[in-house]
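Written out below as structure tokens is the structure these notes cover.
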Amino acid sequence: MSFLFVMVRKGPAPQPGGKSAPQIGPDHTAPRWLRYGLQALGLIAWIWIVVQTFFGGNGDGDVSAIFLWIFGWVGPALISGLIGPVWAWLNLFATIHQILSAVAGRLGVTGGRPAQYPARLGRWPAIVGFVAVVWLELVFHVEGGQPLGLFMIAYTFISVVAMAYFGRETWLAQGETFSVWFEFLSASCWP
């Protein structure tokens, strides 16, 4: 309930034209090598999840469980609250969108202008995603394996399509669960 309360409150509007390099704390920008290294780590883990989801592998070495519950859920939550908005550097979904956009640009494919994000949606897509993740962890007890891998692949697909449709920064600020949640945690400590 507390998540619902804080997510529906009026938050900052997404910045037109996109953001520059994410800030840590009040006045610090991460070095490029660190940002790219974290993006590469996330991309490698995602590829590993896809391979493991479709070709097997469960148990203690299940990368989907490690990636989602530690790299994607607990770790960034703690760091966002203590240091600042690190999720902007780790965000695998934004990295995949960036790569696909670059490939499309090289092929001469343009998507035109993003659709207007409906104000009535607010941050409800992020709330629904948050509820789904919590439900997977606490109710359905998905600890890893193929079900968690399929969830992560589906979530990635939805996120990338929504970024392409509404615009990357708009979707990250309004609808992408992890971005909205970690930004809230960071803003709580670093106004």
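The values are calculated or read from the model by the stated rules, or taken from the named source; none is laboratory data. All values reported here derive from a predicted model rather than from experimental measurement. Here Cβ is always computed from backbone atoms with ideal geometry, including for glycine, and neighbour counts include all displayed protein chains. Please note that ligands, DNA and RNA were not included when accessible areas were found on the heavy atoms of the full protein model with its side chains. Shrake-Rupley method; radii C 1.70, N 1.55, O 1.52, S 1.80 Å.
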Determine if the range 154-161 includes at least one residue that is open to solvent by 50 Å² or more (accessible area, probe 1.4 Å), under 12 Å from the mean Cα position of the chain (by Cα) and not polar (S, T, N, Q). yes
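Could you count how many residues in the range 110-138 are open to solvent by 90 Å² or more (accessible area, probe 1.4 Å) and either more than 16 Å from PHE166 (Cα to Cα) or not in a loop (DSSP other than H, G, I, E, B) (or both)? I'd like the intermediate steps shown before the answer.
Of the range 110-138, the ones open to solvent by 90 Å² or more (accessible area, probe 1.4 Å) are 110, 113, 116, 119-120, 124, 128, 135, 138.
From what's left, either more than 16 Å from PHE166 (Cα to Cα) or not in a loop (DSSP other than H, G, I, E, B) (or both): 119-120, 124, 128, 135, 138.
The number of residues fulfilling the criteria is 6.
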Just the residues that are among the β-branched types (Val, Ile, Thr) and open to solvent by less than 30 Å² (accessible area, probe 1.4 Å), please, taken from the range 39-67. ILE49, THR53, VAL63
When residues of the range 68-89 are filtered for being under 20 Å from MET163 (Cβ atoms) and open to solvent by less than 20 Å² (accessible area, probe 1.4 Å), how many remain? 6
Criterion: modelled with pLDDT under 85 and β-branched (Val, Ile, Thr) - qualifying residue of VAL50, VAL6: VAL6
Of SER80, SER101, which residue is part of a helix (DSSP H, G or I), at negative phi and touching a Lys or Arg at 6+ places or on another chain (Cβ under 9 Å)? SER101
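Here's the yes/no breakdown for (1) among the hydroxyl-bearing types (Ser, Thr, Tyr); (2) out of contact with any strand residue (DSSP E or B) (no Cβ under 8 Å at 6 or more places or on another chain); (3) in contact (Cβ under 8 Å) with a residue 40 or more places away in the chain:
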{"position": "ALA94", "(1), (2), (3)": "no, yes, yes"}
{"position": "GLY105", "(1), (2), (3)": "no, yes, no"}
{"position": "THR110", "(1), (2), (3)": "yes, yes, no"}
{"position": "ARG113", "(1), (2), (3)": "no, yes, no"}
{"position": "LEU136", "(1), (2), (3)": "no, yes, no"}
{"position": "SER159", "(1), (2), (3)": "yes, yes, yes"}
{"position": "GLU169", "(1), (2), (3)": "no, yes, yes"}
{"position": "SER179", "(1), (2), (3)": "yes, yes, yes"}
{"position": "LEU185", "(1), (2), (3)": "no, yes, yes"}
